[in-house]
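A short worksheet on the structure shown next.
Each reported figure results from applying straightforward, stated rules to the coordinates on display, with no laboratory input. This structure is a prediction, so every number in the text was calculated from the model and none was measured. Cβ atoms come from the backbone with ideal geometry, glycine included; neighbour counts cover every protein chain shown.
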């Protein structure tokens, strides 16, 4: 059996190749790897024994893809509240505060409308995605967008039995590989890379034959939001979580720090993390003397987007907060944005960092789920931060039900942050045996690791053929 594996992003090099997610496939089948020539870590892929070649993107074609993705996102916004949030964020929807006068609100919306009317991600999307025009728009765009010839060249004179590609569900390569699979009669398997991808990006305008997803929630999103049939969807988990589920992860590991700490994990989305860090410090300052050795370890998101009012980290502005060692090894830009995607943090660092934290706090990001997997107290910040629009919980569909996980709580009002931190830190009866009943909803735990689970799924697909 011959398998083609496509790697389209630096993060997939870390999450799939470095974790050896495909190792069992390389042992059992004839596998070839192709890689996008624009990624920073392509040299790492080129050294792999299964490497076959490079493909390139097409900026003009990618722009048409993005317009179609956004139109479908808007057209299907009732299927996921996060779709609406994404459009509002892409269109630079302004922050409207409860105390704003009607005149100020009108001025903000007028200024927004002028900008949104000019850009391709603003008012054009609701117009093209309207009930009247969406059918015409999508048909025209589908006909206009060609298949990437540098990808289709790999299908010339070669017959594959299966094409596998990790994906966020929002890139042209995923669509083109699926179209090529249809054209050549080759089955396609898309491995959804992140927890929120099926509820936060768009809908597939051509569906792969099979989908590998994180857990029960993602499987539900695949069917309800994306329109897949049940038999097309496999819960496989994610290879980057093997570090939490492996036998060695259960063994005690030394802390990265010689003091007790609260771990503050940053988000890729805009959030006033500086303000929240100061409130966490205030909470610790008000606790009895036995808590005075506590520090706050701040781990900003490696690829955080530009943040309103979020300056570069400066330890001089804090009394207890320091930058996490792994992130401190990379210089953050003065714009407040993260480093390039060529920087891929070592996954083996995470379990010790999280497991030794007394509390994990942060805006709504995947590392909060990782905190629950490490049986920590976790506090998800889901309040309007006063500086960025759309920071509340209602815009994050994948977090629905997270508070069913033992030890996890949402902070819905900013005024509750200090008392909630204090409550969680000072609990007299910390959990020692966590209930895992809620975890399968969000993440599947393979019995023998991701690589073996993926092999099992592919064997099932082959047998069905």
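Descending by average beta-carbon neighbour count within 10 Å, the peptides 40-52, 440-452 line up as 440-452, 40-52, the highest first. For the chain, relative contact order (Cα pairs under 8 Å, six or more residues apart, normalised by length) works out to 16 percent. Packing-based ranking of 134-143, 293-302 yields 293-302, 134-143, ordered from highest to lowest mean Cβ neighbour count within 10 Å. Measuring r between the beta carbons of residue 303 and residue 255 and using R0 = 22 Å, the FRET efficiency lands at 0.25.
Its convex hull of Cα atoms gives the range 142-266 a direction-averaged projected area, equal to a quarter of the hull surface, of 11.4 nm². The helix-only estimate of mean residue ellipticity at 222 nm for the chain, built from DSSP H runs of length n ≥ 4 each weighted as -39500 (n - 2.57), is -10000 deg cm²/dmol after division by the residue total. Fully extending the segment from residue 158 to residue 293 would add 42.3 nm, taking 0.36 nm per residue of separation and subtracting the current Cα-Cα distance.
First measure r as the distance between the Cβ atoms of residue 23 and residue 105, then evaluate 1/(1 + (r/R0)^6) with R0 = 35 Å and state the FRET efficiency to the nearest 0.05.
After rounding, the FRET efficiency stands at 0.05.
When peptides 229-237, 160-168, 113-121 are sorted by average Cβ neighbour count within 10 Å, with the highest value leading, the order is 160-168, 229-237, 113-121. Rg then Dmax, both in Å and based on the Cα atoms of the range 60-143: 14.4, 48. Where (i) 1.01; (ii) 1.19; (iii) 1.06 are the candidate values, the label of the one calculated here for Cα Rg over 2.2 N^0.38 Å is (i). Cβ-Cβ distance of residue 316 and residue 131, R₀ of 56 Å, FRET efficiency by 1/(1 + (r/R0)^6): the value works out to about 0.55.
Counted by neighbouring Cβ atoms within 10 Å, the residues 101, 184 run from fewest to most as 101, 184.
Where in the range 157-196 does the amide nitrogen come within less than 11 Å of the point 7 Å from the Cα of residue 464, taken along Cα to Cβ? Only 188-189 fall inside the zone, counting backbone N under 11 Å.
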